[in-house]
Amino acid sequence: MLVRVSEILEEGLRFEGTDEFPHPFQDPQWELLGLSLLVEKDHMDVLVRGRLHAKVPQVCSRCLESFPFVVKADVDTRFAPRPHGRGEEVELTPADLEVDFYADDLVDLDRLIETETALGLPMKPLCREECRGLCHLCGGNRNVNPCACEVKLLDPRLAALRQIADRLQPK
C-alpha cells in the first residue's frame, strides 16, 4: 500500500488489521496475521509506529525440517524525503542509519512491513530449543529416530589432549 505524504491528515492515519494489506509480502508463503500502525507527519518526515504479527516458513538450522515461525515486531520508523541531486559521496552519521527515505511523495507501507518482518527472523532458526539435529555420521534426524551410530570417534591428533584431560579428571 502506497501512502501519499501530502494526504496524511494532522491526526495521522491508523491501520488496524490486515484488510488493507492483502499481499504485503513478495513471497506468497509469508502471511500477515495482525497489524496496528499509526502513520503521522513530522514536518516533511513521516513517522510509522505500531506492531505487526506474521507467520513465515523457516527451515531448522539443526534438523533441516520446515516449521512456521511467528514474528511479532514493533515498528518505529522515520521516513525522510530522498535527497536530490547529490553526485558526490556523503558520509553517513549514526542518525542517518535510523532513517529510511521516500520519493515522489509516496511511502510504501508494504515494503516497510516486509522489511520489519524479515528483521524479526532469527539468523539460525530452530524448530524448538531442544532440537537434537542430524546425526553427523548417518544424517538421520535425531528428533524422529534415536541414532545407533558410534558416537566416540576421536581425532588421533587430539590424543595427547585426551590423555591430559583424563589425568586431570578427579577419581
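Which ones in segment 122-145 are within 27 Å of the chain's Cα centre (by Cα) and either closer than 25 Å to residue 73 by Cα or of a type in the set (A, V, I, L, M) (or both)?
Listed by number, the residues that qualify are 122, 123, 124, 125, 126, 127, 128, 129, 130, 131, 134.
For segment 92-114, which positions are among the small types (Gly, Ala, Ser) and in a strand (DSSP E or B)? Break it down stepwise before answering.
First, the residues of segment 92-114 that are among the small types (Gly, Ala, Ser): 95, 103.
103 - this is the single residue of segment 92-114 that is among the small types (Gly, Ala, Ser) and in a strand (DSSP E or B).
May I ask you to list the residues in segment 54-78 that are surrounded by 15 or more Cβ atoms within 10 Å (Cβ to Cβ) and among the small types (Gly, Ala, Ser)?
The answer is 54, 73.
Taking the residues in segment 16-36 that are among the charged types (D, E, K, R) and closer than 17 Å to residue 121 by Cβ as candidates, determine which candidate is surrounded by the most Cβ atoms within 10 Å (Cβ to Cβ).
Initial filter on segment 16-36 (among the charged types (D, E, K, R)): 16, 19-20, 27, 31.
Restricting the remaining residues to those that are closer than 17 Å to residue 121 by Cβ gives 27, 31.
On the way: 27: 10, 31: 17.
So the residue we want is 31.
I'd like to know if segment 117-133 contains one or more residues that are in contact (Cβ under 8 Å) with a residue 60 or more places away in the chain, in a helix (DSSP H, G or I) and hydroxyl-bearing (Ser, Thr, Tyr).
So far as segment 117-133 goes, yes, one or more of its residues are in contact (Cβ under 8 Å) with a residue 60 or more places away in the chain, in a helix (DSSP H, G or I) and hydroxyl-bearing (Ser, Thr, Tyr).
Having 1 or more residues that are among the hydroxyl-bearing types (Ser, Thr, Tyr) and more than 16 Å from the chain's Cα centre (by Cα) is the bar; report the strands (runs of 3 or more DSSP E) wholly within segment 22-89 that clear it. Walk me through it before giving the result.
Details: elements: 31-42, 45-59, 66-81.
Hits in segment 22-89: 31-42, 66-81.
Does residue 151 satisfy the criteria of being modelled with pLDDT of 90 or more, farther than 30 Å from residue 41 by Cα, open to solvent by 40 Å² or more (accessible area, probe 1.4 Å) and more than 27 Å from the chain's Cα centre (by Cα)?
Details: modelled with pLDDT of 90 or more: no; farther than 30 Å from residue 41 by Cα: yes; open to solvent by 40 Å² or more (accessible area, probe 1.4 Å): yes; more than 27 Å from the chain's Cα centre (by Cα): yes.
No.
Any chance segment 138-148 includes a residue that's open to solvent by less than 80 Å² (accessible area, probe 1.4 Å) and polar (S, T, N, Q)?
Within segment 138-148, one or more residues are open to solvent by less than 80 Å² (accessible area, probe 1.4 Å) and polar (S, T, N, Q).
Given the condition of a type outside the set (Ser, Thr, Tyr), at positive phi and open to solvent by less than 40 Å² (accessible area, probe 1.4 Å), answer yes or no: does some residue in segment 110-129 qualify? Write out each step before concluding.
Pass one, segment 110-129, residues of a type outside the set (Ser, Thr, Tyr): 110-114, 116, 118-129.
Add one more test, that the residue is at positive phi, and what stays is none.
Taking every residue of segment 110-129 in turn, none turns out to be of a type outside the set (Ser, Thr, Tyr), at positive phi and open to solvent by less than 40 Å² (accessible area, probe 1.4 Å).
The values are calculated or read from the model by the stated rules, or taken from the named source; none is laboratory data. On a predicted model such as this, the values are computed, not experimentally measured, just so you know. Cβ coordinates were reconstructed from backbone atoms using ideal geometry, including for glycine residues, and neighbour counts include every protein chain displayed. For accessibility, only protein heavy atoms count, side chains too; no ligands or nucleic acids. Shrake-Rupley method; radii C 1.70, N 1.55, O 1.52, S 1.80 Å.
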